[in-house]
Amino acid sequence: AAYAQLQFFQFPYDADGIQSADQLVVSELKKMSDLKQSYVKKQLDPSAAVHDPAAAEIQEHKNQAVIYKILIKKLESQ
């Protein structure tokens, strides 16, 4: 969803939007990197659930909703 926002702000060019979306992309990548490093360092128990499956599904749906909103804005602007 963060990457889709970044793409949306590229055309028409919106410098402030690009900067905020870029920060969001970097933040998401950092979270994924931290999770990977925790797993690699065996700080996480591989047999344990990393997070609540229901919460993960809710977050996935929120991300999809953001992507659809961005797509709608892009189509409306065209």
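The values are calculated or read from the model by the stated rules, or taken from the named source; none is laboratory data. Model, not experiment: these values are computed from the prediction. Note that we place each Cβ from the backbone using ideal geometry, even for glycine, and neighbour counts take in every protein chain shown. Each accessible area value is taken on the protein alone, full model and side chains, heavy atoms only, with ligands, DNA and RNA left out. Shrake-Rupley method; radii C 1.70, N 1.55, O 1.52, S 1.80 Å.
Tabulated data for the structure shown
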{"quantity": "Given 11 as the ceiling on other Cβ atoms within 10 Å, longest exposed-site-free region of the chain for trypsin sites (Lys or Arg not before Pro) in DSSP loops", "calculated": "1-40"}
{"quantity": "Set of lysines near Lys73 by C-alpha distance (under 30 Å), chain-local residues within fewer than 8 positions excluded", "calculated": "Lys30, Lys31, Lys62"}
{"quantity": "Crossing angle, helix 53-77 versus the chain [Cα axis fit, 0-90 degrees, rounded to tens]", "calculated": "10"}
{"quantity": "Residue order for Glu28, Glu57 - accessible surface, 1.4 angstrom probe, largest first", "calculated": "Glu57, Glu28"}
{"quantity": "GNM result for the chain, Cα springs below 10 Å: residue of Ala55, Ala21, Ala65 fluctuating most strongly", "calculated": "Ala55"}
{"quantity": "For the range 1-40: accessible area per residue (Å², 1.4 Å)", "calculated": "77"}
{"quantity": "Accessible-area composition of the chain, carbon plus sulfur, in percent [1.4 Å probe]", "calculated": "59"}
{"quantity": "Mean Cα-pair separation over length for the chain, i.e. relative contact order, pairs under 8 Å, 6 or more apart, %", "calculated": "38"}
{"quantity": "Correct option for Rg/Rh (Cα atoms, Kirkwood Rh) [calculated from the coordinates] among (i) 1.16; (ii) 0.94; (iii) 1.11", "calculated": "(iii)"}
